[in-house]
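A quick write-up on the structure given underneath.
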Amino acid sequence: MHLRKTLIWHTAFLAMDSNTKLNEHERVVRGRDDRDRDRDRDRDRDRDRSHRSHVRKVVYNGDHGAIVIGKEGRTAKHLQQKHHLALLRAIRDDDGTQYFIIKGPNERDVHNATIRVQELLMISMQRQQETLAQTMEAERSKHSASSEQVFNSFIQSHEAFPALIKKMATDG
């Protein structure tokens, strides 16, 4: 009778906890065949997880991808080593769309690498915007200086014009 109660309790417990790993005490109660089966199941589950890869796609435009690749590919290599990536590659589709493929076995590492790639792209875009603003300012001040020269020459010519009229009136 005692054995029957234990077996019923154990079956009910297993039904409640079928999705989780069993602790060592429960494996001893269940027997050697069950332990081997559980070990094999756990090993297969871990192997499936290790072969699973996570992939992200980061779209960009222009020449901003160069900052992610870096000189001689150094930045890309560093990102691959730091975040344990299997793949970090810039791709351009036939329609001209440019993007990076980031692939690795660990979702967190792929996510962190994606964030770093986006940060580098933002730095490149910010630098381009600052360069454009400086160029526009230089053109504006150049235009302003030439406008000022035209205005000054206009004033000088108008100042000389009344004197020329007087001279013509006296000579005439």
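The values are calculated or read from the model by the stated rules, or taken from the named source; none is laboratory data. For clarity, every value in this text was computed on a predicted model and none was experimentally measured. Backbone-built Cβ (ideal geometry, glycine too); neighbour counts: all protein chains shown. The accessibility values were calculated without ligands, DNA or RNA, using every heavy atom of the protein model including side chains. Shrake-Rupley method; radii C 1.70, N 1.55, O 1.52, S 1.80 Å.
Observations
- Residue within the range 41-53 that is within 17 Å of the chain's Cα centre (by Cα), in a helix (DSSP H, G or I) and modelled with pLDDT of 60 or more present: no
- Candidate set: the range 60-79, residues that are among the hydrophobic types (A, V, I, L, M, F, W, C) and under 10 Å from Val117 (Cβ atoms); chosen: the one surrounded by the most Cβ atoms within 10 Å (Cβ to Cβ): Val68
- Cβ pairs under 7 Å, 6+ apart, first in the range 51-69 and in contact (Cβ under 8 Å) with a residue 12 or more places away in the chain and farther than 18 Å from His111 by Cα, second surrounded by 12 or more Cβ atoms within 10 Å (Cβ to Cβ) and of a type in the set (Asp, Glu): none
- A count restricted to the range 81-111 and to residues that are in a helix (DSSP H, G or I), in contact with a strand residue (DSSP E or B) (Cβ under 6 Å, 6 or more places away or on another chain) and surrounded by fewer than 18 Cβ atoms within 10 Å (Cβ to Cβ) stands at 1.
- Given (1) over 30 Å from Arg52 (Cα atoms); (2) modelled with pLDDT of 90 or more; (3) among the hydrophobic types (A, V, I, L, M, F, W, C), number of the condition Ala138 does not satisfy: (2)
- Among (1) at pLDDT below 65; (2) assigned to a helix (DSSP H, G or I); (3) open to solvent by less than 40 Å² (accessible area, probe 1.4 Å), the one test that Val29 misses: (3)
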